[in-house]
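To keep things clear, I will list the structure first and then write my remarks on it.
The values are calculated or read from the model by the stated rules, or taken from the named source; none is laboratory data. On a predicted model such as this, the values are computed, not experimentally measured, just so you know. Cβ placement follows ideal geometry from the backbone for every residue including glycine, while neighbour counts extend to all protein chains displayed.
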Amino acid sequence: MISSKFFLAVVLASSAVCPALAESGRAAFYSGGRTASGEITGPNGLTAAHQTLPFGTMVLVTNHRNGKTVVVRIVDRGPYGRGRIIDLSRAAARELDMISAGTAMVSIERQ
């Protein structure tokens, strides 16, 4: 039998670690251009914008609707649209099969 103290410690540790490593929300995509990191990106790179993750961070993005995944590199700040957690390059959005919808519910996880 698992003690309640052990269970509580696991739950507290999990809740303290998970928000920094993973989050869920809406994603959109953009064409590219000059980024906050100084790079110039185009629509064909697997890049993304996130408000707080450090530049260069690799992130696994999973589309909730179809389970498709892509790994992107954070190179820009944003998104600035309400309710979004990440903006993806067009190539990353294509990998997730979200081009026609324009946005998708996703989860992101640091790699």
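Of all residues in the stretch 84-104 being of a type in the set (A, V, I, L, M), within 11 Å of Y30 (Cα to Cα) and not in a loop (DSSP other than H, G, I, E, B), which is nearest to the chain's Cα centre (by Cα)? Before you say what the answer is, go through the steps one by one.
Here is the first cut: in the stretch 84-104, the residues of a type in the set (A, V, I, L, M) are 85-86, 88, 91-93, 96, 98-99, 101, 104.
So of that shortlist, the ones also within 11 Å of Y30 (Cα to Cα) come out as 86, 88, 91-93, 99.
Filter once more, so that each one left must be not in a loop (DSSP other than H, G, I, E, B): 86, 88, 91-93.
On the way: I86: 5, L88: 8, A91: 14, A92: 11, A93: 12 Å.
Ranking the qualifying residues of the stretch 84-104, first place goes to I86.
Which one of these is touching an Asp or Glu at 6+ places or on another chain (Cβ under 8 Å) and at pLDDT below 95: A36, A20, A27? Even if it seems obvious, please write down each step before you answer.
Working: A20 fails: touching an Asp or Glu at 6+ places or on another chain (Cβ under 8 Å); A27 fails: at pLDDT below 95.
Selected residue: A36, the only one of A36, A20, A27 that is touching an Asp or Glu at 6+ places or on another chain (Cβ under 8 Å) and at pLDDT below 95.
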Taking the stretch 19-46 as the search range and keeping residues that are among the polar types (S, T, N, Q) and over 10 Å from the mean Cα position of the chain (by Cα), which one is farthest from R94 (Cα to Cα)? S37
Please determine, by comparing only the residues of the stretch 29-41 that are in contact (Cβ under 8 Å) with a residue 40 or more places away in the chain and not polar (S, T, N, Q), which one is surrounded by the fewest Cβ atoms within 10 Å (Cβ to Cβ). A36
Residues satisfying the stated conditions in the stretch 51-78, i.e. more than 16 Å from A101 (Cβ to Cβ), assigned to a loop (DSSP other than H, G, I, E, B) and touching a residue at least 24 places away in the same chain (Cβ under 8 Å): Q51, L53, T57, R77, G78
Going through the stretch 50-83 in order, the residues found to be at pLDDT 95 or above, closer than 16 Å to S24 by Cα and of a type in the set (D, E, K, R) are R65, K68
If we keep only residues of the stretch 79-111 that are free of Cβ contacts under 8 Å to residues at least 24 places away in the same chain and closer than 24 Å to S37 by Cα, then the residue surrounded by the fewest Cβ atoms within 10 Å (Cβ to Cβ) is R82
